[in-house]
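The values are calculated or read from the model by the stated rules, or taken from the named source; none is laboratory data. Everything numeric here is computed off the predicted structure, so don't read it as measured data. Every residue, glycine among them, receives a Cβ derived from its backbone with ideal geometry; neighbour counts consider all protein chains shown.
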Amino acid sequence: MIDMIEMTDIRVDYGDLTAVRDVTLSIGAGEVFGLIGPNGAGKTSLIGVLATLREPTYGEARIAGFDIREEVASARRVIGYMPDLAPVYKDLKCWEFLDLFARAYFVDRRDRISRVRGCMERVNLTTKRDALAGTLSRGMTQRLVLAKTLLHDPKVLLLDEPASGLDPLARADLRELLKDLRAQGKSIIVSSHILNELSEFCTSIGIMEKGRLVLSGPMDAIVAGLNQTRRFTVETVGPGEAAALVLRAREGLHRVESSDGKCLFETDLGDEGVADLLEALVSGGVRVRGFFERRRGVEDVLREVGASEVS
């Protein structure tokens, strides 16, 4: 796999404050990298370096092979950068705003109309084509800025909190769009605090704390390295306590908890042992309407490395 984003010993200082400490990382083509961590961990500063908006105090970085210090113009042509709460020109219609940036990105004039229309369609913003950018809701503004980010068909996308302000349907649309972009071979860094959504589309993750990248790697490999205790949810017709009573009498279970219509438990049992539990519930008269294992993801990683306060 070709490394589209390469960082070696990146450090960012603001006076006496060190925002990013010696980060070394490579991200391949077609990879979606989730960057997470507490407030002030250095995520935005690191993305700013990659976007060529600030020079690192020291260290090297390349985007699609271009050195961000020596080949800034070339690097910027392959980067699509979406900052958190990006400003828009409020007195321009949405299509005018996108057309302006298409010109700035040197999109061929013969392609500009179709490119603007296509990007608006990709973010489901066509109904707002003639609306003034200043009249859009925060979520619609995020869609507009994302459309702008895609105009020049960048190879590398740097998205800082792209789901901020989006409603659940728009977030679902964003997930599908990122999966599509990944399938096209684009490399994507997503900074986000929406942990469950990162689990759904990230191929790899990195956790930052106090400027350091404390953990990074392929999503599947990191999750596989976690404590292998399995977590299950039993949904019942009626109170979940009925299921809890049956399960507490069984061996190999821990943290059995019940709430209205649900019972949660953890176990180290294999599939045969779990099947026996379901049989015991039914035999015990519990009316089971759902029995499933909770997929482990980013939140579990954070819990085990101690980074519970994410931004």
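Looking at residue 130, is it under 23 Å from residue 44 (Cβ atoms) and in contact with a helix residue (DSSP H, G or I) (Cβ under 8 Å, 6 or more places away or on another chain)?
The answer is no for residue 130.
Within the range 20-35, can you find the residues that are under 12 Å from residue 210 (Cα atoms) and either in a helix (DSSP H, G or I) or touching a Leu at 6+ places or on another chain (Cβ under 8 Å) (or both)?
Selection gives 20, 23.
So for the range 124-141 (the condition being buried (at least 20 other Cβ atoms within 10 Å of the Cβ), closer than 30 Å to residue 25 by Cα, in the same structural domain as residue 30 (by TED's automatic domain parsing) and in contact with an Asp or Glu (Cβ under 9 Å, 6 or more places away or on another chain)), does at least one residue qualify?
no
Give 147, 163 a once-over and let me know the one that is closer than 23 Å to residue 48 by Cα, in contact (Cβ under 8 Å) with a residue 40 or more places away in the chain and either out of contact with any strand residue (DSSP E or B) (no Cβ under 7 Å at 6 or more places or on another chain) or crowded, with 21+ Cβ neighbours inside 10 Å (or both). Break it down stepwise before answering.
Values: 163 fails: in contact (Cβ under 8 Å) with a residue 40 or more places away in the chain.
Of 147, 163, the one residue that is closer than 23 Å to residue 48 by Cα, in contact (Cβ under 8 Å) with a residue 40 or more places away in the chain and either out of contact with any strand residue (DSSP E or B) (no Cβ under 7 Å at 6 or more places or on another chain) or crowded, with 21+ Cβ neighbours inside 10 Å (or both) is 147.
Counting only residues that are surrounded by 15 or more Cβ atoms within 10 Å (Cβ to Cβ) and assigned to a strand (DSSP E or B), which one in the range 236-258 is modelled with the lowest pLDDT?
258
Contact list please: Cβ distance under 9 Å, first residue in the range 71-86 and among the hydroxyl-bearing types (Ser, Thr, Tyr), second residue in a helix (DSSP H, G or I), pairs at least six apart or on different chains.
From the range 71-86, the pairs are 81/47; 81/48; 81/50; 81/149.
Report whether or not residue 160 is in contact with a Lys or Arg (Cβ under 8 Å, 6 or more places away or on another chain) and modelled with pLDDT under 95.
When the stated conditions are applied, residue 160 passes them.
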